[in-house]
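Worksheet: one structure, shown below.
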Amino acid sequence: MNYQEIQPGALLQPYVQHYYLFESAEQLEMDDIVLPGGHLEIIFNLGDATWKTAPDKVFKDTAKIELWGQITAPLAVRTIGSNNKMLGIKFYPHTAARFLQLDIFELNNQVNDTTAILGKDIQELHQQLLESASLQQQITLIEKYLAARLDQVKAKPQQMALVGNILQQLKTTSGTADTSIEHIARQHNLSTRYLHKLFMQYTGATPKYFDRLHRFRQSLSLIQQQELSLTEIGYEAGYFDQSHFIREFKSFTGLAPHSYAAKSSPLQETIDLR
């Protein structure tokens, strides 16, 4: 199994957190869970394996070009076959709208066929990626495509930048009184209703959700480091007490922290923390 991340070029650095490649030549028949991560992604399936997701509790094959919306609850995935090769674009939480020209909340908890949303151009890109001789050539093609989308899609850069700034603020003040939606709205001279609308439009979730998500992701990272007890992890991640930690962790994973720690696998860790 091979996983690597590739940094975007200068033009796309404000929008793309990284590209990533996941490869496995092994025969896999595996059920797993993808956990909320706060990001939208486009994933090109360049291998022969079949991937399935179950957003409605029924497994269905994913498209060859997947558009992952904001996943706010654990999502079951299944892979069958060998020659897995997935090349992904991971956007920042607020920047996918710069390329999609729709309200991001419309995609929540869905894995869509990207062709149905972005049309034949991305289908042609997928074919070019299949025919490319190297990863570097593939990244160059993706960057050319995204650069063209920047010219095509109407955008409101000030709104997107504002949401990005508030997301960064939430990350640095997670778990404190400074993350209340009323406090943040006052700081930026916005109504709470308008702030909520902006976040739903650009990220698919509310400011309060991202505050909760930051604490969860921190606790997840600490569990996988295996250096602290679960009680210590709960306090380190900013939870009020152990019951609060367990309740929040279960809402994001479907499992209590001790159950997650016992079942985590190398593939699970790769998916969860990328």
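Observations, loosely collected:
- Flag for Leu67 being under 29 Å from Glu248 (Cα atoms) and in contact with a helix residue (DSSP H, G or I) (Cβ under 7 Å, 6 or more places away or on another chain): yes
- Any hit, region 165-175, residues being out of contact with any helix residue (DSSP H, G or I) (no Cβ under 7 Å at 6 or more places or on another chain), farther than 20 Å from His94 by Cβ and free of Cβ contacts under 8 Å to residues at least 40 places away in the same chain: no
- Of all residues making up region 5-31, the number that are at pLDDT below 95 and within 16 Å of the chain's Cα centre (by Cα): 1
- Taken over region 6-25, the criterion of being small (Gly, Ala, Ser) and under 25 Å from Ala155 (Cβ atoms) is satisfied by Gly9, Ala10.
- Contacts under 9 angstrom Cβ, first residue in region 122-136 being closer than 15 Å to Ile43 by Cα, partner among the β-branched types (Val, Ile, Thr) and assigned to a helix (DSSP H, G or I), 6 or more apart: Ile122/Thr114; Ile122/Thr115; Gln123/Thr114; Gln123/Thr115; Leu125/Ile142; His126/Thr114; His126/Thr115; Leu129/Ile142
- Residue match in region 178-186 (condition: in contact with a strand residue (DSSP E or B) (Cβ under 9 Å, 6 or more places away or on another chain) and either among the β-branched types (Val, Ile, Thr) or at pLDDT 95 or above (or both)): no
- Within region 34-52, considering residues that are of a type in the set (A, V, I, L, M) and touching a residue at least 40 places away in the same chain (Cβ under 8 Å), the one farthest from Asp103 (Cα to Cα): Leu46
- Of the helices (runs of 4 or more DSSP H) lying entirely inside region 84-192, those carrying at least 3 residues that are within 21 Å of the chain's Cα centre (by Cα) and surrounded by 15 or more Cβ atoms within 10 Å (Cβ to Cβ) are 97-100, 114-118, 135-152, 157-172.
- Extreme residue, most open to solvent (accessible area, probe 1.4 Å), among residues of region 62-83 that are part of a strand (DSSP E or B) and modelled with pLDDT of 95 or more: Trp68
The values are calculated or read from the model by the stated rules, or taken from the named source; none is laboratory data. It should be emphasised that the depicted structure is a prediction, and the values quoted were computed from it without experimental measurement. Note that we place each Cβ from the backbone using ideal geometry, even for glycine, and neighbour counts take in every protein chain shown. Just the protein is used for accessible areas: all its heavy atoms, side chains included, with ligands, DNA and RNA removed. Shrake-Rupley method; radii C 1.70, N 1.55, O 1.52, S 1.80 Å.
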